Amino acid sequence: MNTIKVHGIAGLGIYCHIPFCLKKCAYCDFSSFSSQSEEVIRDYFEALHKEIRNFARENENSVLPAVDTIYLGGGTPSSVDARYIEKTLSLLRDVFVIRDDAEITIEINPGTLTGDRASRYKKAGINRASVGLQAWQDFLLKILGRVHSQADFIKSMEILKSSGFENFSVDVMVGLPGQKLEDVMETLRELMKFSPTHLSSYSLILEPGTPMANWVEAGQLDLPDDDEEREMHWVVDGFLKDQGFEHYEISSYCRPGYESRHNIKYWELVPYLGFGLGAHGFFNGRRYGNVNELNQYCDLLNAGNSPGVFEPVMETREMMSEWLFLGLRKLSGIRDNEFMACFGESFFVRYGDVIKPLVADGLLEWDGSVLKLTARGQDFGNRVFMAFV
Ligand code: SF4
């Protein structure tokens, strides 16, 4: 197999999408569905398993790197019967070589986790949980349309801990309607009591057509302004660094050694496979995305077809630009000698006319070998990334 090996990581990552949630959140435009019958869920997993088996059949003569990360994301994977999770992992173990030390993550939403589920996940080899808290305050959870309360989060954390999960990440959000700096601080202070190893902090993005976007447009909800939202980001940043966390990617903080090994693959152009509704993958130098309509996904697989829409094999120029703008998401930045090892030339020479104005504008910092975002660059990340497209 034509493995693209950059930044020294050669293991294969696998993402499986589980698109079911108990209830749709007000801001969500992901491929996720609520209130689905058991029959729909069963049919979906049958289709997902067909997609995995088809891949194995089509690649039976290929030499694939061993899998070193698996990510079960959603949706809310913890909302479906644990036997679906067990079967999916068991199938992946049948068809792929999975390293003993693979990082295997499941996304969990509070209010959906039971002791039985958590201990079955553990037995199935899952060793990392990513928990969607978003905010500590019940009034904010209500505005977001989250299905859970603060009490549900506390209960889920107790279940995870008593089931032996020590490696877990928590998602929080800033820039929420009605959210104040004190709320952000309280969320962080309370979270620290559970000793997470990783924290992802996202700014609310209003996706057109979602109830949240409609309420804001109709003047029923007010968002913090850009300055307040950025202030929240920097409060999170300062607090977590004081607590010993490393800021390793624009939205990601971790205790030393607890980076999300799976997510790093997305920023380092290493191959990963995406299975399931709307899942994306990067394999053999091509990106692909699966259809994101539930019936279409199942129908395609039941008819023996692929649910993937494949892009052409990436040209070198495209790969260079992705290498740069994805790599710049990492706060450690990108190294010119690694670019040279991959592409045989210096990015500073090739992209000098893009890089120099961004450095002059205080958005990027260049020390002669490493290029990275400045603090100001983090505030205007999209402007920097788009410059390389
Ligand atoms: S839990 Fe996540 S995927 Fe499900 S509706 Fe809410 S935001 Fe969307």
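The values are calculated or read from the model by the stated rules, or taken from the named source; none is laboratory data. These numbers come from a predicted model, not from an experiment. Heads up, the Cβs are rebuilt from the backbone with ideal geometry, glycines too, and the neighbour counts pull from every protein chain shown.
Odds and ends about this structure:
- Looking only at region 58-92, and only at residues there that are charged (D, E, K, R) and at pLDDT below 95, the one that is nearest to the ligand (Cβ to nearest atom): GLU58
- Filtered residue count, region 252-267, keeping only those that are part of a loop (DSSP other than H, G, I, E, B) and within 14 Å of the chain's Cα centre (by Cα): 2
- All positions within region 99-134 that are within 13 Å of the ligand (Cβ to nearest atom) and either over 20 Å from VAL80 (Cα atoms) or not assigned by TED's automatic domain parsing to the domain that holds SER35 (or both): GLN134
- Count of region 144-155 residues which are more than 13 Å from the ligand (Cβ to nearest atom) and β-branched (Val, Ile, Thr): 1
- Contacts under 6 angstrom Cβ, first residue in region 114-142 being at pLDDT 95 or above, partner of a type outside the set (A, V, I, L, M, F, W, C) and in a helix (DSSP H, G or I), 6 or more apart: ALA124/GLU86; ALA135/THR187; TRP136/GLN150; TRP136/GLU186; TRP136/THR187; TRP136/GLU190; GLN137/ASP183; ASP138/GLN150
- Residues being touching a Pro at 6+ places or on another chain (Cβ under 9 Å), closer than 20 Å to LYS193 by Cα and surrounded by fewer than 19 Cβ atoms within 10 Å (Cβ to Cβ) - total across region 231-257: 3
- Residues in region 129-154 that are among the small types (Gly, Ala, Ser), surrounded by 20 or more Cβ atoms within 10 Å (Cβ to Cβ) and more than 28 Å from ALA102 (Cα to Cα): ALA135 only.
- Hits in region 60-107 - residues which are in a strand (DSSP E or B), of a type in the set (Ser, Thr, Tyr) and more than 17 Å from the chain's Cα centre (by Cα): none
Yes/no matrix, rows are residues, columns are (1) farther than 30 Å from ARG128 by Cα; (2) of a type outside the set (S, T, N, Q):
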{"position": "ASN263", "(1), (2)": "no, no"}
{"position": "GLU268", "(1), (2)": "no, yes"}
{"position": "GLY281", "(1), (2)": "no, yes"}
{"position": "GLY285", "(1), (2)": "no, yes"}
{"position": "ASN292", "(1), (2)": "no, no"}
{"position": "MET320", "(1), (2)": "yes, yes"}
{"position": "ARG329", "(1), (2)": "no, yes"}
{"position": "CYS342", "(1), (2)": "yes, yes"}
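- Test: residue in region 266-275 that is surrounded by fewer than 18 Cβ atoms within 10 Å (Cβ to Cβ), among the hydrophobic types (A, V, I, L, M, F, W, C) and at pLDDT 95 or above: no
- Search result, residues across region 32-44 that are surrounded by fewer than 21 Cβ atoms within 10 Å (Cβ to Cβ) and more than 8 Å from the ligand (Cβ to nearest atom): PHE33, SER35, GLN36, SER37, GLU38, GLU39, VAL40, ILE41, ARG42, ASP43
- Unmet criterion (only one of (1) in contact with a Leu (Cβ under 9 Å, 6 or more places away or on another chain); (2) surrounded by fewer than 18 Cβ atoms within 10 Å (Cβ to Cβ); (3) small (Gly, Ala, Ser)) for SER169: (2)
- So SER79, is it buried (at least 16 other Cβ atoms within 10 Å of the Cβ) and assigned by TED's automatic domain parsing to the domain that holds LYS123: yes
- Among the residues of region 198-229, none is identified as touching a strand residue (DSSP E or B) at 6+ places or on another chain (Cβ under 7 Å) and either free of Cβ contacts under 8 Å to residues at least 12 places away in the same chain or at positive phi (or both).
- Qualifying position, being outside the structural domain of ILE143 (by TED's automatic domain parsing) and either modelled with pLDDT of 95 or more or out of contact with any Phe, Trp or Tyr (no Cβ under 6 Å at 6 or more places or on another chain) (or both), among GLY257, GLY175, GLY278, GLY238: GLY278
- For region 69-90, the count of residues that are closer than 30 Å to MET319 by Cβ and among the acidic types (Asp, Glu) is zero.
- Filtered residues of region 1-31 (kept if modelled with pLDDT under 90, out of contact with any Pro (no Cβ under 6 Å at 6 or more places or on another chain) and within 16 Å of the ligand (Cβ to nearest atom)): PHE30
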